[in-house]
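Here is the structure we will look at.
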Amino acid sequence: MKISTKNSLLFNLTSILLIISCMFITTPPKTSAKASTKTPDHDLPQYFSSSSPLNTIIKFNNHSSSSPQNKYLLPTFGTDCSVWSRACSEEILKIATKPENVKWIKSLRRKIHENPELAFEEHDTSKLIRKELDELEVSYRFPLAKTGIRAVIGTGQPPFVAIRADMDALPIQEAVEWEHKSRNAGKMHACGHDAHVAMLVGAARILKARQRHLKGTVILLFQPAEEAGNGAKRMIGDGALEDVEAIFAMHITHLLPTSVIGSRSGPLLAGCGFFKAVITGGQGRDAVLAASAAVISLQGIVSRESNPLDSQVVSVTFLNSGDDLDVIPNRVEFGGTLRAFSNTNFHQLLKRIEEVIVAQAKVYQCWGTVDFFRNADTMYPPMVNDNNMYEHMKKSTVDLVGPTNFQVVQPVMGAEDFSFYSEVIPAAFFYIGIKNETLGSVHSPHSPHFMIDEDALPVGAATHAAIAERYLHDRDISIS
Ligand SMILES: [Zn+2]
Ligand SMILES: [Zn+2]
């Protein structure tokens, strides 16, 4: 995820402070889950104890228990999920929270964290994922977009629904001292993509165990180069979305408590682009004056032309005319970034930035040009959640973790290349909290101090699996 430069609309902190994360995972019930159509007298799956104290974090008990014969497939569960009931969500959560699965998913994430790889260099990460998929006997296509993987679980027949994780790390030196600190100097999983991969492989494990319930096909996309290089665009070009009719993705956030899920319908993340202008003068024409007028006029685009209730940003972040104190330079360069929450506004910003710079240069008898780096993979469309996909995600999540563990969040000015998928098919993007003040997982992504509360991992895996399985289920109902 690209971090915003300024003017961020942060989550509504007041509402976040009011979040009540009041559940401990308790010992799994001794009786096996049975199909139930009656409305439970509490609003949480039975793994969550509503009597637990407020504001505590969901925790998992790591003590070992006897492993089933086949470690990936559960002992028989009686629930018939042809009619969806809470018992189906409970079974998904129960697989995810089995002590051996919790231990495994944390250990997978740690392996990836120790060996961070930058955009399109995720060779070891990709190999590790394929090894896990091989063990699960999950088939996949490789490579897409150089290191990407398209795994398949289910009937192989329509409908097809996709869930996606990004695999790349950042060029940051990790400052967190812990046993599984990055072993690659200057590289770090500082945006949680290690956790995203672990949660998607975790979902593969759950979905494989529940294969007989799948009423269609789940596609799991492991994507390279989210942070740089538009990996999503390359994945689409290599056929990642073939036959797929809907897609979901999750990102960790330090703004929500551990395992709390958050999202919203409509605009969630901004479209993002960059520009660089060159103004040339010469022969008594002052390029510095022209550039200064252009920079000031650019501020008017957002403050005077855009709808104040529809946030946009144009920021000039550099200006360079050399360092000669004695001569008026005949060339000035400046540039910056632009953000908007709709494609219409984004393209209007592109148009107006160019018009303003070229026209202001002309006022001072100079010549202005603007480059938006259109071919350099630096432009991201806005992430706008499809309302139906958002409602499906919310319904599946609330059923899984309970309504108090779901939050509607505000849009932020960050950007995310998942938006490329959302331009092709209906999509929903959502967050999972990793904030735990006791652990210290409170730093923003892209900080060298960034860390996560790994207790979110099993919940994230279960959330992915529940959303995908239930999508196929509900789609089946709507067709029949
Ligand atoms: Zn990021
Ligand atoms: Zn990210």
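The numbers here are math on the coordinates, done by the rules we state, and not lab data. This structure is a prediction, so every number in the text was calculated from the model and none was measured. Methodologically, a virtual Cβ is constructed for each residue, glycine included, from the backbone with ideal geometry; neighbour enumeration extends over all protein chains shown.
Ranked by the mean number of other Cβ atoms within 10 Å of their residues, highest first, the peptides 86-96, 102-112 fall in the order 86-96, 102-112.
Listed cross-link partners LYS111/LYS394; LYS2/LYS276; LYS106/LYS131; LYS98/LYS181 are compared with a 22 Å cut-off, the Cα-Cα value being larger for LYS111/LYS394; LYS98/LYS181.
Please give the length that would be gained between ASP324 and THR369 if that part of the chain were fully extended, namely 0.36 nm times their separation in residues minus their C-alpha to C-alpha distance (nm, one decimal). Please list the in-between numbers first.
Values: separation 45, 0.36 × 45 = 16.20 nm, distance 2.30 nm.
So the extension gain works out to 13.9 nm.
Remark: the range 157-170, residue by residue, has Karplus-estimated 3J(HN,Hα) of 10, x, x, 10, 10, 10, 10, 10, 10, 9, 10, 8, 9, 10 Hz, where x stands for each Gly or Pro and the curve is 6.51 cos²θ - 1.76 cosθ + 1.60 at θ = phi - 60°.
Dividing the convex hull volume of the Cα atoms of the range 271-371 by its residue count, what figure in Å³ per residue is obtained? Could you put the intermediate results ahead of the total?
Details: hull volume 8.0 nm³, N = 101.
That works out to 80 Å³ per residue.
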